[in-house]
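Heads up, the thing below is written out as structure tokens.
The values are calculated or read from the model by the stated rules, or taken from the named source; none is laboratory data. In this text, all values refer to a predicted model and were calculated from it rather than measured experimentally. With ideal geometry, Cβ positions are generated from the backbone for all residues, glycine too; neighbour counts draw on all protein chains shown.
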Amino acid sequence: MSIKASLISISAYVPDLLLSNQDLERMVETSDEWIVKRTGIKTRYIANKNESTSDLGYKAAKLAIKRSNLNVDDIDCIICATISPDHLCMPSTACKIAHKLGIYGITAFDISAACTGFIYLLEIAKSFIQSGLKKNILIIGAEKLSSIVNWNDRSTCILFGDGAGAAVISASKDENFIIDTHTASDGSKNDLLITPGCGSANPANLENLSQNLQFIHMKGNEVFRIAVNTLSKDVEDILKKNQISSKDIDLFIPHQANLRIINAVKQKLNLKDEQCIITVDRFGNTSSASIPMAMNFAYENNKLKNGDLMLLDAFGGGFTWGSALLKFGGK
Ligand code: COA
């Protein structure tokens, strides 16, 4: 029997500081009513100034290993998806998390796929395990987006939050495995959702910093339209390819960017409320951390049980997008 990859544990870490829409009303010209109506977001959590992305990721990772019933020594690969790494170039956030966990000598690296990060992580982990290269992979989506948000730009600062989610993917003969993943990209519209500065295109210098190029810039309504169309097709394709009906999905756990995007896909698939996990209202958009945070929310609220069939989808900067079908292998 061929080796399968199973998601055997899920966890998350949410920082302490809650930032409500009412708090934002005091910071920029906006209103709770506008934010809730356009996005569904009511609150988000913000890391403190001494917490970096690897601190958030470490806390989620530690709990994911504990819940997997493995020892830290059993982990043979750590991959972190993030667009707000501790450092722009090096070291990777994955290496720093490995050090905080006391794990040395194994493969550790970051990936950059924006909000689709967790789907990309699942695909990479599945391939590494099915090829026999690795046995127990720790995957982490971690973001301190508050460090790359322009707090004077009302069109973006209301959207994002900080947090981390982690999972252990293990080689398994169990029937609860990652059934399929699909990842994709289109770089032709990269300027619609971009942090233009501080890379090699616009290096960190006073002129570029004074133009706020280090922050997230987004043409929200264009991104919205493309995200809805792309995701609706992507989830239909993965269900069709695997001959699974949306009625058979126990939990739809989408990337949590905007309640209207989630509802559009939900309607397209005729999913019922009880099939959908919504956390965008409390956490906002935490990019690569949003799906594992939502999955952990379902788990901790007894909505996700061993063997449950999950459908995941995500869309983000790049553009990147993707979907996944998997049965929960955790206890
Ligand atoms: N409070 C009040 N008004 C605001 C505002 C805020 N926080 N932000 C923008 N506005 C105003 C705009 O200035 C504009 O005013 P105008 O008509 O006078 O010019 C108006 O609201 C409409 O702006 P628009 O950007 O067209 O709103 P929208 O309905 O598209 O909603 C987003 C904006 C960002 C919520 C929405 O576009 C979105 O969610 N986009 C996708 C985000 C996403 O999913 N990203 C992908 C993955 S991360």
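A few points about this structure:
- When the range 18-39 is filtered for residues that are over 21 Å from K144 (Cα atoms) and part of a loop (DSSP other than H, G, I, E, B), the ones remaining, listed by number, are R26, E29, T30, S31.
- Of the listed requirements (1) within 15 Å of the ligand (Cβ to nearest atom); (2) modelled with pLDDT under 95, G161 misses just one: (2).
Let's see how each residue does on (1) within 22 Å of V168 (Cα to Cα); (2) within 16 Å of the ligand (Cβ to nearest atom); (3) buried (at least 18 other Cβ atoms within 10 Å of the Cβ):
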position	(1), (2), (3)
Q256	yes, yes, yes
C276	no, no, yes
D281	no, yes, no
K305	yes, no, no
G316	no, yes, yes
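Conditions (1) of a type in the set (A, V, I, L, M); (2) under 17 Å from G163 (Cα atoms), marked per residue:
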site	(1), (2)
Q267	no, no
V280	yes, yes
I291	yes, yes
L326	yes, no
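- Of all residues in the range 215-260, those being under 21 Å from the mean Cα position of the chain (by Cα) and more than 20 Å from F315 (Cβ to Cβ) number 2.
- Within the range 174-181, none of the residues are surrounded by 18 or more Cβ atoms within 10 Å (Cβ to Cβ), in contact with a Cys (Cβ under 9 Å, 6 or more places away or on another chain) and within 22 Å of A294 (Cβ to Cβ).
- Tally of residues being surrounded by fewer than 19 Cβ atoms within 10 Å (Cβ to Cβ) and either within 16 Å of the ligand (Cβ to nearest atom) or not in a helix (DSSP H, G or I) (or both) across the range 234-253: 5
- Candidate set from the range 62-90 (those that are free of Cβ contacts under 8 Å to residues at least 12 places away in the same chain and under 26 Å from L193 (Cβ atoms)); member that is surrounded by the most Cβ atoms within 10 Å (Cβ to Cβ): H87
- In the range 207-218, the residues that are on the phi > 0 side of the Ramachandran plot reach residues that are modelled with pLDDT of 95 or more and outside any strand (DSSP E or B) with C-beta atoms within less than 6 angstrom, at least six apart or across chains, in these pairs: N212/N150.
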